[in-house]
Amino acid sequence: MDLEILIENVLNAVTAGITIGCIYGLMCIGLGLIFGVMRIVNFAQGELLMLGMFASYYLVTGGRVLSFLGPYWGPFIGAICAAPIVFAGGAILHRFLISRVSGLRTAGSLDEGHFGQLIVTLGISLILQNGGQIVFGSTPVAVRTPLSAEAFLIGPIYRGATVFLNKAKLIAFFVAILVAIVLYLTLEYTRLGKALRAAADNPTAATYMGIDVDRAYRIAFGLGSAITAVAGGLMATYISFGPFVGFDYVIIMYSGVVLGGMGSILGAFWGGLTVGFVQQFSALILPPQLQNATIFVVFLMIVLLRPQGLFGRSAERA
Amino acid sequence: MRHGAGQQLRFNLTVLAVVSVAYLVLASFVANSYYQLILTLVPVWALFGVSWNILSGYGGQLSFGHASFFGIGAYTVTLAVVYWSLSPWIGIPLGMILGGLAAVLIGLPTFRLRGHYFALSMLAYPLAILYVLQYLGFQEVSMPMHRDHPAAFMEFAEPRVYTLIAVLLLVAGVVVSLLIENSRFGLALLAIRQNELAAEAAGINARLWKMRALVVSGMMAAVAGGFYARILLVVTPDSVFGMLVSAQAVVVTLFGGVASVWGPVIGAAILVPLAETLQAELGTYLPGIQGVVYGVAIIGVMLLSPDGLFWTIRDRWFGQKAPEPIPDSTASAVPVRPASAHSGAPLLKVESLSRAFGGLKAVSEVSFSIGEGEILGIIGPNGAGKTTLFNVLNGVLSADEGSARLDGVEMLGKKTFAVCRMGVGRTFQVVRSFPRLPLLDNVMVGAYGAGLSDRDAIASAARALIQVGLQHQSGVVAAQLTNKQLRLMELARALAGHPRLLLLDEALAGLGREECDDVLHVLAQLRQQGMTICIIEHTMHAMMRLADRFVVLDHGRVLATGLPRAVVEDHAVIEAYLGKKWLARQDA
């Protein structure tokens, strides 16, 4: 009997870890892309996630623009549609705020402008969070789909032990993987991808080679915002959220990105996946209130055990 | 006390006294209890900002998690009253101690990190504590009243008393901060912020000073939090450990002026009443308006006056008065080490030193020695491993194998600052200055790094400046110095710590011919005073004049050693520099 429950719990934790982990992976790619290309730690990434959720919510449930697609397709198409909206938002943020404290403008200054970047993104985060409270209200909402209450059953595998696959999470999982693959191929094989990687590697040299680095950064910031927003839209199908939701996920993103090696896009995905796994497994042994604390502990352990992260770039030239 | 600090401190203390008395007089006319509460909150948040400023402003270690300490103070005071009926008069000092302990526990692991990583990790601590408190069931704890002994439990019917206490706490905090600012503590922090490696190479134990800053800062933040809990009477994890709390410290300080004690005070005095009033007037229609105001405030300040209001106002309306140049007589106060005779005994002995980066052997089995009073030139083509050799010798990089003994004592395996304290001064290929500090303070860092007392440090710095001929520029900030002056400044900083051995990495790089001669002249004088120097340099004509002996490195190995004349005629050396073909043509 006990074994049966244990097997059921572990199997469910594994499947939930994989599905949720991949969605986290997508979310982390957004932050990882921004850091990888621009070397900026974006404090407001959680709020971009929140914007993605609300964009999807207003498209599907609130504004009913996409209600003709029905409750099955609508939420996921809504999540994808959040991308261009938040992309525009991100590009505007970069154009008017971020670009003034980053890029070639601060290269070679006292601390490469890190201080200013952290502060400006913190400011954006405060404005979006609290402004979100004014615009969206503080009552939690959700993108309604009947799928979030339905599950595929696999098994019984061992006596009564059954694996439950939540349909909303499963579809979100597939969409997340699809988006991640498309992004990967874009960065790897297109001209745009090359420009982004060149701007990331050496902005000054890229400028001499005729790449508009400022534009590359703007696209990177917009793209990073959009990717996280899509993940937000997908998550909105199975959780309820308010303007402060970004906060619960921003540390997950940092953990994933640091774990995967700051700067690596694929790494960010694996990092997010790992964090999702850890979170789901901690649910097996810890009370639900402490699940979030676990992520912070994991985050601290990652950063502390690998002071330079899982990548180099710490060696200072003397 | 730093040079000229006494006068500045007296001025600041006078301003502090005047401002706090004026504030209290003003507060005594306010009868409305809500506005009185705002007047009490201003000094509390200002104190919190002052605490953040010590670590993140002076020291540059950006912390987004100062709510940890604020919250610890607040919960300690509240829980002490609830469970042990312990008065806040005791609870606040208790919280202060716990805040300090928490700072040690948090600092020990977290100071292994730098930059982004430090800032992000600090963020995680208050949030982790927040969830644990929620789990433990301390969602909302209110402080019971003790009507029988109100004053003993810091309970006053008159709200103005709270304002008085808050102002007194802030005054204490500002005084501590001023003392830090004007002492070696502050100078060490400023140096670490502007160039940590240069500070380490000048003998500053960066880790230790950062830790001290965090402890002082944590204690101060806990006091602010403890008193905050006392005036609000209810604590929730979100209200004292939340993100907005950490942000508050950052916001008031950046807005008012970072790295000045007045910054957080000005910031709190403007932003706290503004945000509170907006919240009260518009909070029902526009919830969260406070956060929006803070966000707009810090973005605006960052874009318009990145250092904050205080500095912008000061630079615009109060022209910066350069401190008086120090009188030459100051220098004579320090006993000059007698010039050691050219005994020729090896001072530094390096044996089969190796260091690889992955598969690349940057330094491989290098052995050489330097006699007391000798000038050894290290030459070699680009990428020969010269700078890496210096980095290994002074502890910036670890060695893979080999040994380096200074007067018989092993140098390898020691931290950079410890190598400096053994008597090894160092300059860098690309000058590492503390750009916002005046020249004298740049050099003082080296003197403090050697552990000299205030008086000796000033004397020693003054003497070093005279040695390099910069005594008349001592008040100029480093950012305004020319390349030659910067090179000499770095040399003076190394000299101020009374080194036995100087490692000079391309001290002549980027200098014109005449400037070159000036620096060479200084080096020649140092030689006469018996200084032992190991110098990396590309300019051959300069090296031929200066060095007693050459060590030639190529691909990490020692190619040749010997007298300058012999070395430059060595075929292997010519080949390394100019290639085989050239050599063949010469021989033909």
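The values are calculated or read from the model by the stated rules, or taken from the named source; none is laboratory data. Everything numeric in this text was worked out from a predicted model, so none of it was measured. Backbone-built Cβ (ideal geometry, glycine too); neighbour counts: all protein chains shown.
For every residue, the table says whether it meets (1) part of a helix (DSSP H, G or I); (2) closer than 30 Å to B:Q525 by Cα; (3) not assigned by TED's automatic domain parsing to the domain that holds B:L526.
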{"position": "B:M543", "(1), (2), (3)": "yes, yes, no"}
{"position": "B:L553", "(1), (2), (3)": "no, yes, no"}
{"position": "B:V558", "(1), (2), (3)": "no, yes, no"}
{"position": "B:A566", "(1), (2), (3)": "yes, yes, no"}
{"position": "B:W582", "(1), (2), (3)": "yes, no, no"}
{"position": "B:R585", "(1), (2), (3)": "yes, no, no"}
**Asked** What residue, of B:V409, B:V366, B:V430, B:V396, is among the β-branched types (V, I, T) and within 18 Å of the chain's Cα centre (by Cα)?
**Response** B:V396
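For the stretch A:242-282, name all the residues that are part of a helix (DSSP H, G or I), more than 15 Å from A:I20 (Cβ to Cβ), within 14 Å of chain B (Cβ to nearest Cβ) and aliphatic (A, V, I, L, M).
Applying the first criterion (part of a helix (DSSP H, G or I)) to the stretch A:242-282 yields A:246-260, A:265-282.
If we keep only those that are more than 15 Å from A:I20 (Cβ to Cβ) too, we end up with A:246-247, A:250-251, A:254, A:257-260, A:265-268.
Now restrict to residues that are within 14 Å of chain B (Cβ to nearest Cβ): A:246-247, A:250-251, A:254, A:257-259.
Across the stretch A:242-282, the qualifying residues are A:V250, A:I251, A:V257, A:V258, A:L259.
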**Prompt:** Name the pairs: first residue in the stretch B:257-281 and part of a loop (DSSP other than H, G, I, E, B), second residue of a type in the set (S, T, N, Q) and buried (at least 16 other Cβ atoms within 10 Å of the Cβ), Cβ to Cβ under 6 Å, at least 6 apart or on different chains?
**Reply:** B:V261/B:S177
**Message:** Quick check on my filter: what residues within the stretch B:4-51 are buried (at least 21 other Cβ atoms within 10 Å of the Cβ) and more than 23 Å from B:E158 (Cβ to Cβ)?
**Reply:** B:F48, B:G49, B:V50, B:S51
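Could you tell me how many of the residues in the stretch B:519-531 are in contact with a Gly (Cβ under 7 Å, 6 or more places away or on another chain) and either among the hydrophobic types (A, V, I, L, M, F, W, C) or assigned by TED's automatic domain parsing to the domain that holds B:G451 (or both)?
Let us first name the residues in the stretch B:519-531 that are in contact with a Gly (Cβ under 7 Å, 6 or more places away or on another chain), namely B:522, B:530.
Filter once more, keeping what is either among the hydrophobic types (A, V, I, L, M, F, W, C) or assigned by TED's automatic domain parsing to the domain that holds B:G451 (or both): B:522.
Counting residues in the stretch B:519-531 that are in contact with a Gly (Cβ under 7 Å, 6 or more places away or on another chain) and either among the hydrophobic types (A, V, I, L, M, F, W, C) or assigned by TED's automatic domain parsing to the domain that holds B:G451 (or both) gives 1.
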**Fill in**
Taking the stretch B:474-533 and the residues there that are closer than 19 Å to B:A202 by Cβ and of a type in the set (K, R), the one that is farthest from the chain's Cα centre (by Cα) would be B:R500
**Asked** Within the bounds of the stretch A:113-135, is there any residue that is in a helix (DSSP H, G or I), surrounded by fewer than 19 Cβ atoms within 10 Å (Cβ to Cβ), within 14 Å of chain B (Cβ to nearest Cβ) and of a type outside the set (K, R)?
**Response** yes
**Asked** Of all the residues that make up the stretch A:209-248, how many are under 14 Å from the mean Cα position of the chain (by Cα), buried (at least 24 other Cβ atoms within 10 Å of the Cβ) and aromatic (F, W, Y)?
**Response** 1
**Request:** Could you grab me the full set of residues in the stretch B:362-387 that are touching a Lys or Arg at 6+ places or on another chain (Cβ under 6 Å) and without any contact (Cβ under 8 Å) to a residue 40 or more places away in the chain?
**Result:** B:S369
**Message:** Anything in the stretch B:166-181 that is under 22 Å from B:L37 (Cβ atoms) and surrounded by fewer than 20 Cβ atoms within 10 Å (Cβ to Cβ)? List them, or say none.
**Reply:** B:L168, B:V171, B:A172
**Request:** Give B:A17, B:A67, B:A46 a once-over and let me know the one that is touching a Gly at 6+ places or on another chain (Cβ under 7 Å) and modelled with pLDDT of 90 or more.
**Result:** B:A67
**Failed item, numbered, when A:T186 is tested on (1) modelled with pLDDT of 90 or more; (2) within 14 Å of another protein chain (Cβ to nearest Cβ); (3) more than 22 Å from A:S56 (Cα to Cα)** = (2)
**Qualifying position, being touching a strand residue (DSSP E or B) at 6+ places or on another chain (Cβ under 6 Å) and either closer than 28 Å to B:A199 by Cβ or in the same structural domain as B:T388 (by TED's automatic domain parsing) (or both), among B:C516, B:C534** = B:C534
**Asked** From the list A:T204, A:T294, which one is modelled with pLDDT under 85, more than 21 Å from A:I18 (Cβ to Cβ) and of a type in the set (S, T, Y)?
**Response** A:T204
**the stretch B:431-467, subset surrounded by fewer than 20 Cβ atoms within 10 Å (Cβ to Cβ) and of a type outside the set (A, V, I, L, M, F, W, C), residue farthest from the other protein chains (Cβ to nearest Cβ)** = B:R455
**Prompt:** Only one of these conditions is not met by A:I285: (1) away from chain B (no Cβ under 12 Å); (2) in contact (Cβ under 8 Å) with a residue 12 or more places away in the chain; (3) surrounded by fewer than 23 Cβ atoms within 10 Å (Cβ to Cβ). Which number is it?
**Reply:** (2)
**Request:** Could you tell me which residue of the stretch A:14-51 is nearest to A:I98 (Cα to Cα), considering only residues that are outside any helix (DSSP H, G or I) and among the aliphatic types (A, V, I, L, M)?
**Result:** A:I40
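Residues to consider are B:G107, B:G71; find the one that is in contact (Cβ under 8 Å) with a residue 24 or more places away in the chain, more than 20 Å from A:L118 (Cβ to Cβ) and outside any strand (DSSP E or B). Lay out the reasoning, then the answer.
Working: B:G107 fails: more than 20 Å from A:L118 (Cβ to Cβ).
Exactly one of B:G107, B:G71 is in contact (Cβ under 8 Å) with a residue 24 or more places away in the chain, more than 20 Å from A:L118 (Cβ to Cβ) and outside any strand (DSSP E or B), namely B:G71.
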**Asked** Restricting the search to the stretch B:351-390, which residues are within 14 Å of chain A (Cβ to nearest Cβ), out of contact with any helix residue (DSSP H, G or I) (no Cβ under 6 Å at 6 or more places or on another chain) and in a strand (DSSP E or B)?
**Response** B:A356, B:F357, B:L360
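May I ask you to say which residue of B:V296, B:V250 is within 23 Å of B:G186 (Cβ to Cβ) and either assigned by TED's automatic domain parsing to the domain that holds B:G95 or among the aliphatic types (A, V, I, L, M) (or both)?
On the way: B:V296 fails: within 23 Å of B:G186 (Cβ to Cβ).
Unique residue meeting the criteria: B:V250.
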**Asked** Within the stretch B:401-417, which residues are in contact (Cβ under 8 Å) with a residue 60 or more places away in the chain and either within 13 Å of chain A (Cβ to nearest Cβ) or not in a loop (DSSP other than H, G, I, E, B) (or both)?
**Response** B:L406, B:T416, B:F417
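When the stretch B:169-223 is examined, which residues are found to be closer than 29 Å to B:R500 by Cα and among the small types (G, A, S)? Give the steps one after another, and end with the answer.
Filtering the stretch B:169-223 down to residues closer than 29 Å to B:R500 by Cα leaves B:183-210.
If the condition is that a residue be closer than 29 Å to B:R500 by Cα and among the small types (G, A, S), then B:S183, B:G186, B:A188, B:A191, B:A198, B:A199, B:A201, B:A202, B:G203, B:A206 are the ones that fit.
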**Request:** Could you figure out which of (1) more than 20 Å from the chain's Cα centre (by Cα); (2) modelled with pLDDT of 90 or more; (3) within 13 Å of chain A (Cβ to nearest Cβ) isn't true of B:A222?
**Result:** (3)
**Asked** Can you name the residue in the stretch B:89-139 that is over 22 Å from A:T294 (Cα atoms) and small (G, A, S) and is also farthest from the other protein chains (Cβ to nearest Cβ) among such residues?
**Response** B:G91
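Please state which one of B:A191, B:A247 is within 14 Å of chain A (Cβ to nearest Cβ), touching a helix residue (DSSP H, G or I) at 6+ places or on another chain (Cβ under 7 Å), of a type outside the set (K, R) and within 19 Å of B:M444 (Cα to Cα).
Details: B:A247 fails: within 19 Å of B:M444 (Cα to Cα).
One residue alone meets the criteria, B:A191.
Filter the stretch B:150-164 for residues that are free of Cβ contacts under 8 Å to residues at least 24 places away in the same chain and within 14 Å of B:L86 (Cα to Cα) and give the result. Show your work before the answer.
Let us first name the residues in the stretch B:150-164 that are free of Cβ contacts under 8 Å to residues at least 24 places away in the same chain, namely B:150-151, B:155-158, B:161.
If the condition is that a residue be free of Cβ contacts under 8 Å to residues at least 24 places away in the same chain and within 14 Å of B:L86 (Cα to Cα), then B:P150, B:A151, B:E155 are the ones that fit.
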